[in-house]
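Data block below; observations after.
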Amino acid sequence: MKLLIKNGRLIDPAAGVDRVMDILVENGKIREIARTIKKAPGIAVIDARDMVVAPGFIDMHVHLREPGQENKESIASGARAAVHGGFTSLACMANTEPVNDNRSVTEYIIARAKQVGLANIFPVAAVSKGQLGENIVEMADLVAGGAVAFSDDGCCVMKADLIRKALEYAKMLNVPIIEHPEDHSISGEGQVNEGFISYKYGLRGMLKAAEEVIVARDLILQERIQSRLHLTHLSTAGSVELIRNARQAKTPVTCDATPHHLLLNEELLQTYNPVYKVKPPLRTEADRLELIRGLQDGTIDCIASDHAPHTRDDKDKEFEYAPFGVIGMETSFPVIHDRLVRTKRITINRLVELFSTNPARVLGLKDRGRVKPGFPADLTILNLARRFKIEEKDFRSKANNCPFLGWEGQGAVEHTIVAGNAVYSRKGR
């Protein structure tokens, strides 16, 4: 099968490319990139005039719930949501039932993803058996089975000696450890950011120090071990500053932030709406602005959705009893483009780095995050002028716990192409 993408503005930050180009795809791979490629008979054509063609977006932090919690989300529904949001690849976290702490679960996820055949799905295995924080998993066997990283996300690896060993094994295996930074002895049963809002509205607070203590601990260990450490869903100005300082001291570390932490703050909790109950919690406006500064100065490497679907019945409870988490794969690009690119906080080139180039680098996906002859034809085509309104009826996810419902703005995914196949195309162009 051949596909020709004509007249698109190709943005490939890894190659320093930003120009109008044609791209020829054949047998699932990029065959040629040139100023002009003549259309031959029998080749399907996508006219990308006035659109951006980017390396396929990669969401490096997603909860797909399968196996075991398919009523919340399945690999099939999650993949449909991913390609609807422009993501050609995603990395799914290990907190399934059973936990992805052994090769059989990893291989099941890979096999099921191939059956679905929409997005590339890369399993992230647990650091500890059962995510209990006691015994390290068989990391080498899991890598051999297809795991691309390790994380106890949903829980922090509280034992310093265990995270030390995991970092050392990860260094030997050349894979990242994705740490959920939260000292549970500090956060306790907290549900929102501890401060004025929590005191005023009678909500149990979670100190920023719960995150920052683990960030500091892991950076100290990483300074000595020099492994591949990635700190996920940063939420505080203090965490950003710790990582910024570590980078200046040449400590190898990467990190990400979520759209909801970049665009929302704790003031929304005055509504007691459980859709805003997330972990880590929404923080202050000052924290939010520092996260944006981290995007601008390169401290923050990636934007990841932390897509955490729940059933409507589970989430639609009193605030205290509702689970943490929001969905985000389908809304990440439009809200970030509208609120940060259109307002000139970051450029469209930087957005592509955050959504594609850097996640591929962090996860070690050597044939992703680039538009290059011989690479898989995973592409995200963006219409930056198209208006959008986020409505529940448009979701492909099984869940509706989205904090951006009703938002309107500009910038939409027009096509998502995986291995040369247009797995999503916007209707009504």
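Quick note: the coordinates plus some simple rules give every number you see, no bench work behind them. Source: prediction; values computed, not measured. Glycine gets a Cβ as well: all are built from the backbone with ideal geometry, and neighbour counts include every protein chain shown.
Would segment 228-237 turn up any residue that is β-branched (Val, Ile, Thr) and either in contact with a His (Cβ under 8 Å, 6 or more places away or on another chain) or within 25 Å of Val127 (Cα to Cα) (or both)? Talk me through it step by step, then tell me what you get.
Step one: of segment 228-237, the residues β-branched (Val, Ile, Thr) are 232, 236.
Remaining after also requiring either in contact with a His (Cβ under 8 Å, 6 or more places away or on another chain) or within 25 Å of Val127 (Cα to Cα) (or both): 232, 236.
Within segment 228-237, one or more residues are β-branched (Val, Ile, Thr) and either in contact with a His (Cβ under 8 Å, 6 or more places away or on another chain) or within 25 Å of Val127 (Cα to Cα) (or both).
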Pair list, Cβ under 6 Å, 6 or more apart: segment 377-388 residue over 15 Å from Ala422 (Cα atoms), other residue outside any strand (DSSP E or B): Asn383/Met51; Phe388/Pro334
Failed item, numbered, when Leu340 is tested on (1) surrounded by fewer than 18 Cβ atoms within 10 Å (Cβ to Cβ); (2) outside any loop (DSSP other than H, G, I, E, B): (1)
Segment 149-162, residues that are touching a strand residue (DSSP E or B) at 6+ places or on another chain (Cβ under 7 Å) and over 20 Å from Ala308 (Cβ atoms): Leu162
From Ala113, Ala166, residue being over 26 Å from Arg396 (Cα atoms), part of a helix (DSSP H, G or I) and touching a strand residue (DSSP E or B) at 6+ places or on another chain (Cβ under 9 Å): Ala166
Matching residues, segment 56-93, being among the small types (Gly, Ala, Ser) and either touching a Cys at 6+ places or on another chain (Cβ under 6 Å) or without any contact (Cβ under 8 Å) to a residue 60 or more places away in the chain (or both): Gly68, Ala76, Ala79
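Out of the residues in segment 343-385 meeting the condition of being among the charged types (D, E, K, R) and farther than 20 Å from Arg31 by Cβ, tell me which one is surrounded by the fewest Cβ atoms within 10 Å (Cβ to Cβ).
Step one: filter segment 343-385 for residues among the charged types (D, E, K, R), giving 344-345, 350, 353, 361, 366-368, 370, 372, 378.
Among the residues that remain, those that are also farther than 20 Å from Arg31 by Cβ are: 344-345, 350, 353, 361.
Working: Lys344: 7, Arg345: 16, Arg350: 18, Glu353: 25, Arg361: 18.
Among residues in segment 343-385 that are among the charged types (D, E, K, R) and farther than 20 Å from Arg31 by Cβ, the one surrounded by the fewest Cβ atoms within 10 Å (Cβ to Cβ) is Lys344.
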Filtered residue count, segment 200-249, keeping only those that are of a type in the set (Val, Ile, Thr), closer than 23 Å to Arg293 by Cα and touching a Lys or Arg at 6+ places or on another chain (Cβ under 9 Å): 2
The one condition in (1) over 15 Å from the mean Cα position of the chain (by Cα); (2) closer than 21 Å to Lys389 by Cα; (3) not small (Gly, Ala, Ser) that Glu320 fails to fulfil: (2)
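I'd like the full set of residues that are part of a loop (DSSP other than H, G, I, E, B) and under 15 Å from the mean Cα position of the chain (by Cα), limited to segment 248-277.
Taking segment 248-277 and keeping what is part of a loop (DSSP other than H, G, I, E, B), we get 249-253, 258, 264-265, 272-273, 277.
If the condition is that a residue be part of a loop (DSSP other than H, G, I, E, B) and under 15 Å from the mean Cα position of the chain (by Cα), then Thr258 is the only one that fits.
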